[in-house]
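Below is one structure, written out as structure tokens, with a few remarks after it.
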Amino acid sequence: MIALSWNCRGLGNRRAVEVLAELVRQKVPTILFLMETKLTAREMEPIKKALGFPSMLAVSSDNRRWGLALLWKADVVVDTQTYSPNHIDVRVHTKAALEWRLTGIYGHPEDQRKSETWRLMRHLHARASLPWVCIGDFNEILASEEKNGRIRRPMAPMLEFRHTLLHCGLVDLGFNGYRFTWRNGRDGEAFVEERLDRAVATTDWCEKFPRAKVHHLSASYSDHDPILVDMVPSNNPADGDLKSSGLRRDG
């Protein structure tokens, strides 16, 4: 099973939808989490059909800002738990009788509101005890090595993120591919790139999917790269090592 997460930065034009459709065609995700759709739930309906997903939960954008969508195939049964402009939380049931929890997270980009994201995650942690994985754009980094360019990130925001993951029993799943997932598109000394998108999970989720791997992909159009969580990957030496800010997790 594959889950794909992407901050697509708007699906209001044909080119954006074409890029997303090609990504879905190549990777064939069972679950797709999209952030910053900048569309209403009604406007997402034809895109859902074009992508070949029978089911979807969409959180409408606010005046063409933000907007989330979770789409899934018939291979799984998804029970919606809660949602907001910053998250979609569901229970996932598979044909193999596995039951686990997935939360798509879109963290507040404004520094003064980042603590709201961490309060949300702590609240979600308190709601259920199923094996849990969170994917998305957290809009924060865990270590200074996850940023390249301009001034260093202050330690306090990173520590708050780390403490939230620790409180929730979530560990970073690492990645294959290029280290950074977002870039600001500027030139020269103004250029910045960061690892804002990731997957984190509880120990019991990792035990259910001991060989799960995260891949940083590339896609034109957005300033964010998609991330792919392959829960049952093939044994392929070409996959390379799983890396994460100096951490390593063998699978």
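All of the numbers you see were taken from the coordinates with simple rules; none came from a lab. Here the structure is a predicted model, which means the values were calculated and not measured. Note that each Cβ is placed from the backbone with ideal geometry, even for glycine, and that neighbours are counted across all protein chains shown.
For the cross-link pairs Lys48/Lys208; Lys48/Lys213; Lys27/Lys73; Lys48/Lys114, the ones whose C-alpha atoms lie over 19 Å apart are Lys48/Lys208; Lys48/Lys213; Lys48/Lys114.
The loop-placed GluC sites (Glu not before Pro) in the range 73-125, going by DSSP, that have at most 14 neighbouring Cβ atoms within 10 Å of their Cβ come out as Glu110. Between Thr94, Thr181, Thr103, the residue with the greatest mean-square fluctuation in the GNM of the chain (Cα pairs under 10 Å linked by springs) is Thr94.
Please give me the summed charge of the neighbours of Ser115: other residues whose Cβ is under 11 Å from its Cβ, Lys and Arg +1, Asp and Glu -1. Each step should come with its number before you reach the end.
On the way: positive: Arg113, Lys114, Arg119, Arg122; negative: Glu110, Asp111, Glu116, Glu140, Glu160.
After counting each charged neighbour, the total is -1.
Compute the signed sum of charges (Lys and Arg +1, Asp and Glu -1) over the other residues within less than 14 Å, Cβ to Cβ, of Tyr221.
0
Taking the square roots of five times each eigenvalue of the Cα gyration tensor of the range 54-93, the equivalent ellipsoid has semi-axes of 21, 11, 5 Å, listed largest first.
Report the local net charge at Leu11: Lys and Arg +1, Asp and Glu -1, summed over other residues whose C-beta lies under 14 Å from its C-beta.
On the way: positive: Arg9, Arg14, Arg15, Lys38, Arg42, Lys48, Lys49, Arg64, Arg65; negative: Glu18, Glu22, Glu36, Glu43, Glu45.
After counting each charged neighbour, the total is +4.
Using Cβ contacts closer than 10 Å as the measure, can you line up Met44, Met56, Met155 from fewest to most?
Working: Met44 24, Met56 19, Met155 11.
If I rank by nearby Cβ atoms, fewest first, I get Met155, Met56, Met44.
Order these peptides, 73-81, 133-141, by their mean beta-carbon neighbour count within 10 angstrom, highest first.
Numbers: 73-81: 13.9, 133-141: 23.9.
Averaged packing, sorted descending, gives the order 133-141, 73-81.
For Arg186 and His123, a Förster radius of 45 Å and the Cβ-Cβ distance give a FRET efficiency of 0.80, rounded to the nearest 0.05.
Taking only Cα atoms of the range 25-139, what ratio of Rg to Rh do you get with Rh as the Kirkwood inverse-distance radius? Please report the intermediate quantities before stating the final value.
Details: Rg = 14.2 Å, Rh = 14.7 Å.
Answer for the range 25-139: 0.97.
Between the range 73-136 and the range 152-210, the C-alpha centres lie 16 angstrom from each other.
Label-to-label distance, Ser55 versus Ile151, with points set 7 angstrom from Cα along the beta-carbon direction: 4.7 nm. Taking other C-beta atoms within 10 Å as the exposure proxy, Asp111, Asp225 rank Asp111, Asp225 from fewest upward. For the range 2-248, the mean projected area of the C-alpha convex hull, equal to one quarter of the hull surface, is 13.1 nm².
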